[in-house]
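A.B. asks: Sharing a structure below in structure tokens format, with a few things to ask.
The numbers here are math on the coordinates, done by the rules we state, and not lab data. Note that the coordinates shown come from a computational prediction; the quantities given were computed from them, not determined experimentally. We place every Cβ from the backbone using ideal geometry, glycine too, and count neighbours over all the protein chains shown.
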Amino acid sequence: MNKETASLVQRLSCLHELSEAEYRCLVDGFTPELAEYAASLAVKARQAVYGNKVFIRGLIEITNACRNDCLYCGIRRSNRHCQRYRLSPQEILQCCDEGYELGFRTFVLQGGEDGFFTDDLLCELLQGLKSRYPLCAVTLSLGERPRESYARLREAGADRYLLRHETADREHYAKLHPHSMRFETRMRCLNDLKELGYQVGCGFMVGSPHQTSAELAKDLKFVEQFSPDMCGIGPFIPQADTPFGREKAGTAELTCYLLSLLRLIKPNLLLPSTTALGTIHPHGRELGILAGANVVMPNLSPPSVRKKYALYDNKLSDGSESAQCKAELVARMASIGYEIVTDRGDIQK
Ligand code: SAH
């Protein structure tokens, strides 16, 4: 193993910060041996905070209608092949009822940016959910909204918000999104969410088109400085009906290595082993946990709409990806020495 990169990993695990140039050196220096070393330190760091517990979240994909046109995303506005759907508030509540029975204590409502989900509608839904399940956490992941909207949703009971920054580099952001979407807006949203008292999640894709080690180094530095409560990362996977349909996918190996580095940057970070990771590798979910992740988010959407939330090709939605198959997930995690817990899974401060 290269001494210089190994000692950088070691330093990161003690100091929880490096310069952008050092992060870049770590990304460029990626080898299976270095990744294994980083994972061993990451697992220790996570163990010290969370033991062998893995938190679960029930993910409900409430709509695939979207006004945005992100170049990588299968539910982008101009994808005519995407069959649109949206769940009614009642259907969403039913998903939560089912999830609660299955042992979920966090519900994540994710969707495209769909004007149907107004503040009024969402506030009523949140109040209904919170009165039914006062001890559960509700996470929203509904894209960019005005600060005032985030404030109202928070007031109505939303605890957490996931909004991946997608890339911390402005020029790179412009290559992944149409002109109408501004890097500044994304950052404004993340800052607003934090100020409003949400537990906030950011995140990025690994191996997205035009991404180099320079962009990934910026992502790591951004996470270090922004210090989110959660960070979702997964490999980019092409979706055939998008402009990036013929681009290369990111890899499980690099994703896992970055999960380890993120764990070392922030030992108490809530770090999901994502569906995208499970999709590109048959044991992706387990590999993510073994690299330092501590959260999984099985799908709790009604089975009839699952295939329609096609962010990328071959997205997993059954087997242990499915909330209904929790027993399979429990067994898979037990086989690598981890325990799925029935818990809100808040960040350990
Ligand atoms: N509209 C919401 C939810 C977006 S979908 C929002 O803006 O936050 C959730 C995440 O899926 C995105 O943030 C993106 O990082 C990821 N994603 C979208 N298309 C993808 C693809 N082709 N490959 C991998 N991940 C993708």
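A.B. asks: Within segment 57-109, track down each residue that is of a type in the set (S, T, Y), over 20 Å from the mean Cα position of the chain (by Cα) and crowded, with 16+ Cβ neighbours inside 10 Å.
C.D. replies: Y85, Y100
A.B. asks: Of all residues in segment 131-149, how many are within 13 Å of the ligand (Cβ to nearest atom) and either in a strand (DSSP E or B) or touching a helix residue (DSSP H, G or I) at 6+ places or on another chain (Cβ under 6 Å) (or both)? Steps first, please.
C.D. replies: Filtering segment 131-149 down to residues within 13 Å of the ligand (Cβ to nearest atom) leaves 139-145.
Next, only the ones that are either in a strand (DSSP E or B) or touching a helix residue (DSSP H, G or I) at 6+ places or on another chain (Cβ under 6 Å) (or both) stay: 139-141, 144.
Matching residues across segment 131-149 total 4.
A.B. asks: Let me ask something else about it. Looking for something within 25 Å of R11 (Cα to Cα) and touching a residue at least 24 places away in the same chain (Cβ under 8 Å) - is there at least one such residue anywhere in segment 186-197?
C.D. replies: Residues of segment 186-197 that are within 25 Å of R11 (Cα to Cα), as a first pass: none.
No: zero hits.
A.B. asks: What are the residues in segment 271-304 that are farther than 19 Å from P235 by Cα and surrounded by fewer than 21 Cβ atoms within 10 Å (Cβ to Cβ), if any?
C.D. replies: P302, P303, S304, listed by residue number.
A.B. asks: One residue is enough: does segment 187-201 have a residue meeting the conditions β-branched (V, I, T) and surrounded by 15 or more Cβ atoms within 10 Å (Cβ to Cβ)?
C.D. replies: Keep residues of segment 187-201 that are β-branched (V, I, T), which gives 200.
Going one step further and asking which of them are surrounded by 15 or more Cβ atoms within 10 Å (Cβ to Cβ), we end up with 200.
Yes; the residues of segment 187-201 include at least one that is β-branched (V, I, T) and surrounded by 15 or more Cβ atoms within 10 Å (Cβ to Cβ).
A.B. asks: Does at least one position in segment 132-151 carry a residue that is surrounded by fewer than 19 Cβ atoms within 10 Å (Cβ to Cβ) and in contact with a Pro (Cβ under 9 Å, 6 or more places away or on another chain)?
C.D. replies: So far as segment 132-151 goes, no, none of its residues is surrounded by fewer than 19 Cβ atoms within 10 Å (Cβ to Cβ) and in contact with a Pro (Cβ under 9 Å, 6 or more places away or on another chain).
A.B. asks: Show me the strands (runs of 3 or more DSSP E) entirely contained within segment 155-252 in which 2 or more residues are more than 10 Å from the ligand (Cβ to nearest atom).
C.D. replies: In segment 155-252, the matching strands (runs of 3 or more DSSP E) lie at 199-206, 230-235.
A.B. asks: Do any residues in segment 204-230 that are more than 22 Å from C189 (Cβ to Cβ) have Cβ atoms under 6 Å from those of residues that are acidic (D, E), where the two are at least six apart or on different chains, and which pairs are they?
C.D. replies: P209/E247; S213/D28; A217/E20
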